[in-house]
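What follows is one structure encoded as structure tokens, with my remarks underneath.
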Amino acid sequence: MHPSSEPGDAGSPPDPEAVGLQPGLDPDPDNGAGTWLVAFVLFFASVAVAVFLFMPPTSPDGAPAAVVTSAEPTTESPGPEPEPTTTAAAPTGEPETTAAAETTGPALPTEPPSVHPPCTTYLHGGAAPASEVEAALDEAAGTQFWTNSTVEFSPDLLKAIAWMESGWQSDIVACDGGTGLMQIQPTTEKFVNQRFEADFDREDPGDNAMLGSAQVQWLAKYFAVNYFGGADPGAYSLDDDCSRDDAVPDHQEICLLNSVISAYQAGFGTVEAALDAGTGYTNLQYVETVRALLDLRPWERSA
């Protein structure tokens with residue numbers, strides 16, 4: 001590693017070349033004191049060389065460099081990754097939009113029920129007062145149109161249908177041609193007058209109520225005889241609440257009352273096809289609303 005700093009054997013002079021003296025000079029002119037001084041200097045020189053050789057190297061800024069103690073490559077443990085930065089978008093002046101919430105039902109109407117489409121028109125003379133309307137509906141519900149059969153139903157059924165159809169507005173003419181309290185179509189007016197040999201005018205509030213009652217009674221007998229085992233002639237009741245199956249809502253039950261309500265709006269052919277196919281009524285919301293009006297009787301609160 002480095003020259004020995006120990007002196008030679010006692011009593012023998014050191015080798016001049018070993019202590020760095022030139023040949024021919026006296027190796028110990030001061031009786032050995034110079035030799036010890038040289039040895040002492042060499043010792044410290046050796047220590048300095050050893051320190052230089054074995055000290056860890058330093059980086060350019062004076063800090064000690066890392067010492068690798070293993071022959072295998074080392075990997076630095078990763079630190080936390082920097083979070084991505086986002087830059088807020090400049091305002092565009094448009095309102096922010098959010099995802100629409102899931103809805104489980106139909107959307108509410110965008111305009112109040114009292115607002116009618118622009119194509120709605122009204123009969124001359126204005127609407128009849130509610131008291132006259134109710135009297136006309138009571139009279140029509142109590143009039144039997146079949147000569148050899150009878151249909152039993154509460155006047156409230158006719159009132160509920162009229163409330164659903166027109167809101168008891170006797171002068172309203174809808175965009176599809178439905179007129180008055182019961183929203184009688186021209187074809188319905190013609191059919192009822194021919195079938196029952198009558199001459200009702202759908203533009204007259206009293207006649208309009210009669211046309212609606214006659215239509216309800218015709219539908220009741222038609223479905224009772226053809227789908228619910230009714231005799232012909234016979235007596236047919238619409239007072240049944242149709243509560244047959246606790247697992248099925250009343251307005252979805254297949255029964256005479258629901259068939260008549262559905263057919264009044266959708267037509268008897270549509271209901272007939274649904275009953276034949278066993279698919280149920282196609283206008284359940286209409287049926288449900290009329291049945292609810294039967295229970296709520298809103299015309300009593302508005303009187």
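Each reported figure results from applying straightforward, stated rules to the coordinates on display, with no laboratory input. As the structure is a prediction and not an experimental result, all values here were calculated from the model. Virtual Cβ from ideal backbone geometry, glycine too; neighbours counted across all protein chains shown.
Projected label points at residue 279 and residue 228, each 7 Å from Cα along the beta carbon direction, are separated by 2.3 nanometres. Want the number for residue 301 to residue 195: 0.36 nm per residue separation, take away the alpha-carbon distance, what's left? Net length gain for the segment: 34.5 nm.
Cβ-to-Cβ counts within 10 Å put 176, 241 in ascending order as 176, 241, the fewest first.
Of the residues 230, 126, 160, the one whose Cα sits farthest toward the positive end of the charge dipole of the range 121-301, with +1 on the Cβ of Lys and Arg and -1 on the Cβ of Asp and Glu, is 230. Per-residue Cβ neighbour counts within 10 Å put 296, 137, 238 in the sequence 296, 238, 137, beginning with the fewest. The calculated pair-distance distribution of the range 121-301 uses every alpha carbon pair, bins of 5 angstrom beginning at 0, and gives 1, 9, 18, 21, 22, 16, 9, 4, 1, 0 percent.
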